[in-house]
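Chemist: Provided herewith is a single structure, encoded as structure tokens, for subsequent inquiry.
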Amino acid sequence: MSGKPLNGPPGAMTISLFVISAAAPLTTVFGAVPAAFASGMTSVVPEMFLLTGLLYLAFYKLLLSAARSMPASGAYHTYIAHGLGRRVSFAMGAVSLVSYLFIQLGVAALFGVFIRDVLGPAGASLSPWVWSVAALLLANPLCRRPVRTSALILGLIIGVELSVLLIVNLFLVFHANIPGSLHRSFSGTALMHDRTGATLAFIVGSFVGLEATSMFKDNTPQAARNERRATYLSVLVITLLYVVSAYCIEAYYFPSDIAAQALQKQEGLYFDAIRLLMGQWCNAGIRILLIVSLFACILSLGRNIDEYLSLFLLPRDRASSARRGATYHVQTASLIAGVMLCLVFGLDPYRVVFPVCSEIAIFGIVVTQIAVCLSFVAGLGTGGRTMLPRSMMPWVALVLAGLLVEFVFIVVNPQILCRNSLILSCWPLAGIGLTGILTFLIAPRRMTV
């Protein structure tokens, strides 16, 4: 990135940094991977990460192919508008906006919890919501800076995160029973376990943020090439990282014991091993880095939310600087209002707010991705041209089938919040559906955005 202006168009590496930061690899590995194992699955978490990563690699391959025939491509709603119409696009844009706002609120809540845990022994016993608000306020001016300025910060954070994960995985593998773990891993025999839906929910949530690859649009000839490179690099790096990390922790605790260990000490599954293998000082350092990773995630997801807030609040001909100023203030105010509501109702940030927000976001993003695939087969786009040639329809059908299977598993057996009530556990899906339907009904018949 040296020699390029900070306010210039983003390159492939810059886009990749935002996407990987939105995935928060350190948070996912230390948070979602233990949660996936704790849901009751044995010896299938690594391959489920692999299968999900391959599914999204194929999904974004379709998006890249469709972008070539579109005058202006971008976030999911632009593809939906091209195939299903602008009113449906407007409705699904509302679903995506609600999803990203909720996941941002959940990440902010988690940020406050980890800060409290780290600073609590030093006497800083403030409410975690105070730290959540502080993170949102600090992210506001940083998000409004040029893309390359934020990329400098994210590049340093991601570099440290990946280095730490590499070292931790090497320590785990060195002390693991590799022959025994290889005998059980990647067998695929337990994919029909009755808790697959719960595990899959955590895994799908780990890939939230990949949409950012198609949000950084510019008018340079290198735009399509940068998007293509950033997409493949981001999906492959994230998938490989999750698969390897899940396998390493499984090998350390051994496949037959990992589920029980994760259920017993979910929050400390990695940290207990790190403290034993690498020392207390390393354990404390990684906890601090985890907080930094969460803040990087807040910074990256802010760009996604800005894209959808611009859809609803600002016309297309507004300058990008005006969009950054107005929409980020609205975004910060909305999230702080959500924090205040959680505080008033006394909701626990870790055991209630984070899982609820994550579940809503997972439902919303998967529904939007299904709508994108349906738009590919919905008929003709603008100008009588389809987004994809007929020869790619089998791939569309394959990806759509994968997303529908993913959706059904999560809906039929989410088991995240209300394990004994299917009706109660599906309320986020009802909320997402109501959001889309109401937005569609109130949308003007002739959309101008």
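The values are calculated or read from the model by the stated rules, or taken from the named source; none is laboratory data. Values in this document were obtained by computation on a predicted structure and should not be read as measured data. When we count neighbours, we look across all protein chains shown, and the Cβ atoms used for this are built from the backbone with ideal geometry, even at glycine. In case anyone asks, the SASA skips ligands and DNA or RNA and just uses the protein heavy atoms, side chains included. Shrake-Rupley method; radii C 1.70, N 1.55, O 1.52, S 1.80 Å.
Chemist: Would you mind telling me which numbered condition in (1) at pLDDT 85 or above; (2) open to solvent by less than 50 Å² (accessible area, probe 1.4 Å) Leu276 fails?
Modeler: (2)
Chemist: Say we look at region 26-53 and pick out the residues that are crowded, with 24+ Cβ neighbours inside 10 Å, more than 26 Å from Ala401 (Cβ to Cβ) and not hydrophobic (A, V, I, L, M, F, W, C); which of these is modelled with the lowest pLDDT?
Modeler: Gly31
Chemist: Of all residues in region 222-261, how many are modelled with pLDDT of 85 or more and either more than 18 Å from the chain's Cα centre (by Cα) or not in a helix (DSSP H, G or I) (or both)?
Modeler: Residues flagged as modelled with pLDDT of 85 or more and either more than 18 Å from the chain's Cα centre (by Cα) or not in a helix (DSSP H, G or I) (or both) within region 222-261 amount to 8.
Chemist: If you check every pair at least six apart or on different chains, which have Cβ atoms under 9 Å apart with a residue in region 73-94 that is within 17 Å of Gly433 (Cβ to Cβ) and in contact (Cβ under 8 Å) with a residue 24 or more places away in the chain first and a residue that is open to solvent by 20 Å² or more (accessible area, probe 1.4 Å) and hydroxyl-bearing (Ser, Thr, Tyr) second?
Modeler: Ser89/Thr78; Ala91/Thr435; Ala94/Thr435
Chemist: Okay, moving on. Do any residues in region 97-114 that are on the phi < 0 side of the Ramachandran plot have Cβ atoms under 8 Å from those of residues that are surrounded by fewer than 23 Cβ atoms within 10 Å (Cβ to Cβ) and not in a helix (DSSP H, G or I), where the two are at least six apart or on different chains, and which pairs are they?
Modeler: Going by the 8 Å Cβ cut-off, the qualifying pairs are Gly112/Ser127.
Chemist: Among the listed residues Leu110, Leu136, identify the single one that is in a helix (DSSP H, G or I), modelled with pLDDT of 90 or more, under 30 Å from Phe363 (Cβ atoms) and in contact with a helix residue (DSSP H, G or I) (Cβ under 9 Å, 6 or more places away or on another chain). Even if it seems obvious, please write down each step before you answer.
Modeler: On the way: Leu110 fails: modelled with pLDDT of 90 or more.
Among Leu110, Leu136, only Leu136 is in a helix (DSSP H, G or I), modelled with pLDDT of 90 or more, under 30 Å from Phe363 (Cβ atoms) and in contact with a helix residue (DSSP H, G or I) (Cβ under 9 Å, 6 or more places away or on another chain).
Chemist: In region 244-259, which residues are surrounded by fewer than 21 Cβ atoms within 10 Å (Cβ to Cβ) and under 19 Å from Ala24 (Cα atoms)? Break it down into steps so the answer makes sense when it comes.
Modeler: The initial filter retains those residues of region 244-259 that are surrounded by fewer than 21 Cβ atoms within 10 Å (Cβ to Cβ), namely 244, 254, 256-257.
Val244, the sole residue that qualifies.
Chemist: Does Met387 fit the bill of being modelled with pLDDT under 90 and surrounded by 18 or more Cβ atoms within 10 Å (Cβ to Cβ)?
Modeler: Values: modelled with pLDDT under 90: yes; surrounded by 18 or more Cβ atoms within 10 Å (Cβ to Cβ): yes.
Yes.
Chemist: Sticking with this structure for a sec: Just the residues that are over 24 Å from Tyr232 (Cα atoms), part of a helix (DSSP H, G or I) and out of contact with any helix residue (DSSP H, G or I) (no Cβ under 7 Å at 6 or more places or on another chain), please, taken from region 46-103.
Modeler: Arg86
Chemist: Hey, Gly93 hits all of (1) open to solvent by 20 Å² or more (accessible area, probe 1.4 Å); (2) at pLDDT 80 or above but one; which does it fall short on?
Modeler: Among (1) open to solvent by 20 Å² or more (accessible area, probe 1.4 Å); (2) at pLDDT 80 or above, Gly93 violates only (1).
Chemist: Among (1) more than 25 Å from the chain's Cα centre (by Cα); (2) of a type in the set (D, E, K, R); (3) modelled with pLDDT of 60 or more, there is one condition Arg144 misses while meeting the rest; what is its number?
Modeler: (1)
Chemist: Hey, can you tell me all the residues within region 159-183 that are open to solvent by less than 10 Å² (accessible area, probe 1.4 Å), modelled with pLDDT of 80 or more and not charged (D, E, K, R)?
Modeler: Leu165, Val168, Leu172
Chemist: Also: So Leu374 passes all but one of these: (1) open to solvent by less than 30 Å² (accessible area, probe 1.4 Å); (2) at pLDDT 85 or above; (3) touching a Gly at 6+ places or on another chain (Cβ under 8 Å). Which condition number does it fail?
Modeler: (1)
Chemist: When residues of region 262-316 are filtered for being part of a helix (DSSP H, G or I), over 30 Å from Gln331 (Cα atoms) and without any contact (Cβ under 8 Å) to a residue 60 or more places away in the chain, how many remain?
Modeler: Taking region 262-316 as the starting set, the residues that turn out to be part of a helix (DSSP H, G or I) are 262-264, 269-278, 280-313.
Okay, now just the ones that are also over 30 Å from Gln331 (Cα atoms), so 262-264, 269-278, 280-285.
Then keep just the ones that are without any contact (Cβ under 8 Å) to a residue 60 or more places away in the chain; that gives 264, 272, 275-276, 280-283, 285.
Of the residues in that region, 9 qualify.
Chemist: Here are Val353, Val399, Val405: which of them is without any contact (Cβ under 8 Å) to a residue 60 or more places away in the chain and either within 23 Å of Gly433 (Cβ to Cβ) or surrounded by fewer than 20 Cβ atoms within 10 Å (Cβ to Cβ) (or both)? Talk me through it step by step, then tell me what you get.
Modeler: Details: Val353 fails: without any contact (Cβ under 8 Å) to a residue 60 or more places away in the chain; Val399 fails: without any contact (Cβ under 8 Å) to a residue 60 or more places away in the chain.
Being without any contact (Cβ under 8 Å) to a residue 60 or more places away in the chain and either within 23 Å of Gly433 (Cβ to Cβ) or surrounded by fewer than 20 Cβ atoms within 10 Å (Cβ to Cβ) (or both) holds for just one of Val353, Val399, Val405, which is Val405.
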